[in-house]
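Novice: Take this structure first; my questions come after.
The values are calculated or read from the model by the stated rules, or taken from the named source; none is laboratory data. Everything numeric in this text was worked out from a predicted model, so none of it was measured. Positions of Cβ are generated from backbone atoms using ideal geometry, with glycine treated the same way; all protein chains shown enter the neighbour counts.
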Amino acid sequence: MAAPKMFTLKMFPEPLTILMGVIVLAVISTWLLPAGTYSKLLVDDNKAFVMTTPEGDVRLTQNTLDDLSVKIPVDKFCNGDIHR
């Protein structure tokens, strides 16, 4: 009579296989997840501070900056004291 076989160890995937799986997952997620859009801060010709968002343009005053928790005076943006 033959002896029963011992359990066999399951092999863990090779590192290259894991890397290719991560790459495929990243490619699929770029098709499924939407790209983000960002708000832009601009100073127009009238020296007005404007925030351009995907929903539309918003003219910013000191009150709107305070509501957005931006504690910088709007004059600093309009005069060009603050830039990138």
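Novice: Six or more apart or on different chains, Cβ atoms under 9 Å: show the pairs whose first residue is in the stretch 27-55 and surrounded by 11 or more Cβ atoms within 10 Å (Cβ to Cβ) and whose second is of a type in the set (Asp, Glu).
Specialist: Leu42/Asp57; Val50/Asp44; Val50/Asp57; Met51/Asp57
Novice: Something else about it: Residue by residue through the stretch 12-21, note down the ones that are surrounded by 10 or more Cβ atoms within 10 Å (Cβ to Cβ) and either of a type in the set (A, V, I, L, M, F, W, C) or closer than 30 Å to Phe77 by Cα (or both).
Specialist: Across the stretch 12-21, the qualifying residues are Ile18, Leu19, Met20.
Novice: Which of (1) out of contact with any Leu (no Cβ under 8 Å at 6 or more places or on another chain); (2) modelled with pLDDT under 80 does Phe77 not meet, given it meets every other one?
Specialist: Among (1) out of contact with any Leu (no Cβ under 8 Å at 6 or more places or on another chain); (2) modelled with pLDDT under 80, the lone unmet condition for Phe77 is (1).
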